Each structure stands twice: as C-alpha cells, then as structure tokens.
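The values are calculated or read from the model by the stated rules, or taken from the named source; none is laboratory data. Given the structure is predicted, the values throughout are model-derived calculations rather than measurements. Ideal geometry is used to build each Cβ from the backbone, glycine not excepted, and the neighbour counts take in all protein chains shown.
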Amino acid sequence: MATKRDDDDILTGTIPAPEDEATPAERAHAKTFADLIDKTLAGRTPPAMSADDRALLEVATVIRAASGNAELGDAKRRSLVEGALRQAIGGKAAPTGDVTPIAKARAKRAPWIVAGASLAVAAAAILLWLGAPRRVHVIDHAPAALQDNWKSRPADPLIGPIARDHAGDASARLDTIFADRLDGYRELRMRGGH
Amino acid sequence: MKLITFTVVVALAACASCTDRSDKSEPGAGSSVTHVTEPGDAIDQKLMVALSQAKNFHHKAKVYMSDGDTAAAIASVREILSLRFPPNAPEAEDVRNDARALLARLLVGQGQLDEAMNVVKEGLGSSRESFFTANLYTVKGEIHEARAQALDKSDVATDKAKAVEERHAAIESFDASNKIDKKLQDQLLEQR
C-alpha cells in the first residue's frame, strides 16, 4: 500500500509499494548512489557525504565483501603479505607499492654476511699469527731430577746372583724386571714426563 | 662477488698458515709449544714395549717346552734376540743374555753343543759384567761338562785327553761366574 513518500529519507521514510514506478527523484538518487559506490570501489571515496549515504555505502561494502568479490589485486596482495612477513621477522613494514621480496632481500645480504664473517676470521688468524710466541718453551729437568727407579738401568740389583739350578728361569726373571720397570714408567708418566 | 671470493680465500689462507705453524712444533721452527725434556736414560715406551715382547716370547717358549716341542721353544727364544730395544738400554743386554742362557741350555738338551757354545760366546762378548753374564759363564761350564761326558763315551785315546780339557774349561767357567757374582755383590753392598 502506497503511503507518503519521502525520498530523502530512504532509511526511515515510508516504503513504496513494489509495483510503484520510480520517481525521477528516486532515479536521480539511485544514480548518485551508484556513482558513489563505483568511486568507493575505485578507492576514491568522497570525503563528505550524508549520514544516510554513508550508512548505505557501508552496507553495500559489507555485502560485496561477503559475496567474495572484494579480492585484492595481485600486486597489492603480495605487498601486504610481504609486509606482514617482514614485520614477523623483525623488519619494518615496507610502504605499499614498494615491497622487496624477502628472498631477494636475503639474497642481497647473504654474500655480505659471508664476506664480513670471513674478514673477521682472517683478521683474527692474522692477529694470532703475528702475536704467536717465537720461542719453544722447553722445561728442562736436570738428570738429577730423575729418581733411580725412573731410569733405564742394569737389572743386577733387582735380580741378584743367579743360582745354577735357576739358570734357565729367564722367564721369571724377566717378569720381575718388567714389573719393576713398569712401576717406574707409570710414576714417570704420572708426573708428566714421557 | 669477486671481492667476496677474495675475502674468503684470504681467510682460508690465514687459517691454513696458523695450522701449518702449529704442526711444525719442532724446536727452532718458530712454534709455541712447550716441551718437557727427560734425560736419555729415562724409562720410555719403547723400552716397555720391548720388555713386554720379550716377556711374551718367554711365556710362549715355556708353553712349547711344556708340550715337549723344544724346536719351537728354541725358535721362540731366538725371537727375543732380534727384538729392538732403545739404544744403550742396559736392560736390553741383560734380557738378551738371559735369553742366550736359556737358548744354550735348550740347545744342549738337543745335543747341539757347538751351537750352544756359539750362543754363549756371543753373549760373553758384551763388555759389561753382570749377574746375567755370570749366568752365561755357568751355562758355558755346563756345555763344557756336556762335551766332556760325550768324549768320555769315545774309545779314542785322544778324546780322553780332550774330555779332561773340557772339564778344566768347565771349572774355569764356573770360577769366572763366581768371580763376577762376588764382584757385583760387593759393589752392591758398598752402594747400600
């Protein structure tokens, strides 16, 4: 049922009947609103508009986004993703439209990191080479410092006279000599010698 | 890129030069190593290895002897004579002379008296007197005794005379052995 029409108040005014013809004012308003939506989609939203138009525009934007048609362009999408990733690794977000891909940035920086590290190693090596002592430090132990049991020496005091009936017991005598020399050798090793 | 390559090469060369210097740790090579010197008569690893090998050959010979395989025992004892000891190690001479004494006794048991005498004389050629050379003289006396006994079995008259000579030689050898033993014991008592 047609009632009083208020084309300037499309949100709160009376709703025209479905079969009613659109008035010239309505057509003009629709055209204006369509232009407004086109501009908004093109990124040229007018700085000022009526509250009703702004509300309608927001509704239209939401409907468009919900319908899945509000996809970003490839370049825009890539720049946003790169910016987010850059922030994630601690870098600054790149300004829109001037994004350097992370892989490319790393490829640019890696050789210089390698070169810097190599230079540091080279510098350290040269410093060590220059600073190395030129002398061999020899810690001399005077012969008197060696105890008798650390020396290679005749086995006579250890074995003593060999009785005739034990003349063939060389194996037992050698066991005695070996055990004695092993003791001395171990002591010598423990004190940091041979 | 060339700059980077050059830098890496320089770094590697510098590291290599440091490695080279550390490898050349000989006196006078400009290295910075510390050597602990020891007198040449200190017991070292070479001596211990040689003694250990000699010990093993003796034990091996004992096993062969217990099996009655005297030929293998003789071969094992001969190995001791060819062991390489550190130069001027007194133990080397002692161990070899003791092995010679055993070897000569084994050869006497096999009837190889001349070979046994050669082995003993080889040991007695060493300059230093020791209880081991005294033992060699004892074995030498035993060889003379064995020769005398062999000559006693002969019917030839000249062999009887030779047997007497061998017995005299045996007595001289035993006396030499006793003389060395006494001399060394006196020296040891004086040192104490």
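A few notes on this one:
- When the residues of the range A:120-133 are filtered to those that are touching a Ser or Thr at 6+ places or on another chain (Cβ under 9 Å) and surrounded by 15 or more Cβ atoms within 10 Å (Cβ to Cβ), the one that is farthest from the other protein chains (Cβ to nearest Cβ) is A:Ile126.
- Residues (aromatic (Phe, Trp, Tyr) and within 27 Å of B:Val120 (Cβ to Cβ)) located in the range A:168-190: A:Phe178
- Any hit, the range B:145-168, residues being within 12 Å of chain A (Cβ to nearest Cβ) and either loosely packed, with under 12 Cβ neighbours inside 10 Å or in a helix (DSSP H, G or I) (or both): yes
- Residue list for the range A:18-43, restricted to those being outside any helix (DSSP H, G or I) and exposed (fewer than 10 other Cβ atoms within 10 Å of the Cβ): A:Pro18, A:Glu19, A:Glu21, A:Ala42, A:Gly43
- Of the residues making up the range B:59-77, those that are facing chain A (nearest Cβ under 9 Å) and of a type outside the set (Gly, Ala, Ser) are B:His59, B:Lys62, B:Val77.
- Within the range A:155-170, if we keep just the residues that are assigned to a helix (DSSP H, G or I), within 7 Å of another protein chain (Cβ to nearest Cβ) and not charged (D, E, K, R), the residue that is surrounded by the most Cβ atoms within 10 Å (Cβ to Cβ) turns out to be A:Ala170.
- Filtered by the rule that a residue be crowded, with 24+ Cβ neighbours inside 10 Å and at the interface with chain A (Cβ under 10 Å from one of its Cβ atoms), the range B:107-132 gives B:Phe131, B:Phe132.
- Helices (runs of 4 or more DSSP H) enclosed by the range B:37-124 - at least 2 residues per element that are free of Cβ contacts under 8 Å to residues at least 12 places away in the same chain and small (Gly, Ala, Ser): B:45-66, B:70-81
- Some residue of the range B:129-144 being over 30 Å from A:Arg153 (Cβ atoms) and of a type in the set (Ser, Thr, Tyr): no
- Condition broken by B:Ile80, with the remaining ones in (1) within 9 Å of chain A (Cβ to nearest Cβ); (2) at pLDDT below 95 satisfied: (2)
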